Amino acid sequence: MENNKITKNPIRGRVVAISKDTKTVKVEVPRVVPNKTYGKRLHLHTSLLADTFGVQNIVVGKDVDILPCRRISKNKSWKVVSVVAH
């Protein structure tokens, strides 16, 4: 049985690349980390591969919400939940 209820908070990131078959997207998730000594804020990002099964209208540059899921391939263990409309 599949439970479609979302139990975790989705992570918001920006799509930076789409595979040729449009099943996989590369999402960059930004984060801000202060320097330990001086406190200057560093803007870093994490790149994640996400599955796009059942989600339409994904283009490079759009923001998407992703959730962790079971491992789909060697590097892909996230799913796109929705495309964020601005």
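Just one of (1) on the phi < 0 side of the Ramachandran plot; (2) modelled with pLDDT under 95; (3) in contact with a strand residue (DSSP E or B) (Cβ under 8 Å, 6 or more places away or on another chain) trips up Ala85, so point out which.
Of (1) on the phi < 0 side of the Ramachandran plot; (2) modelled with pLDDT under 95; (3) in contact with a strand residue (DSSP E or B) (Cβ under 8 Å, 6 or more places away or on another chain), only one is false for Ala85: (3).
Restricting attention to the stretch 5-31, and to residues there that are β-branched (Val, Ile, Thr) and not in a loop (DSSP other than H, G, I, E, B), which single residue is nearest to Ala85 (Cα to Cα)?
Per the criteria, the residue is Val15.
Find all pairs meeting these conditions: Cβ atoms under 8 angstrom apart; at least six residues apart or on different chains; first residue within the stretch 32-61 and under 14 Å from Ser82 (Cβ atoms) and part of a loop (DSSP other than H, G, I, E, B); second residue of a type in the set (D, E, K, R) and at pLDDT below 95.
So the pair list comes out as Thr52/Lys23; Phe53/Lys23.
How many residues does the stretch 29-51 hold that are in contact with a Leu (Cβ under 8 Å, 6 or more places away or on another chain) and surrounded by 11 or more Cβ atoms within 10 Å (Cβ to Cβ)?
Looking only at that region, the number is 2.
Restrict the check to the stretch 4-13 and report whether at least one residue is at positive phi and polar (S, T, N, Q).
no
Taking into account only those residues within the stretch 52-86 that are within 13 Å of Thr24 (Cβ to Cβ), surrounded by fewer than 16 Cβ atoms within 10 Å (Cβ to Cβ) and of a type in the set (Ser, Thr, Tyr), which is nearest to the chain's Cα centre (by Cα)?
Ser77
Anything in the stretch 62-76 that is assigned to a strand (DSSP E or B) and not charged (D, E, K, R)? List them, or say none.
Once the filter is applied, which keeps residues that are assigned to a strand (DSSP E or B) and not charged (D, E, K, R), the stretch 62-76 yields Val64, Ile66, Leu67, Pro68.
The values are calculated or read from the model by the stated rules, or taken from the named source; none is laboratory data. Remember, predicted model here, so these are calculated numbers, not experimental data. Using ideal geometry, Cβ is built from the backbone for each residue, glycine included, and neighbour counts are taken over all protein chains shown.
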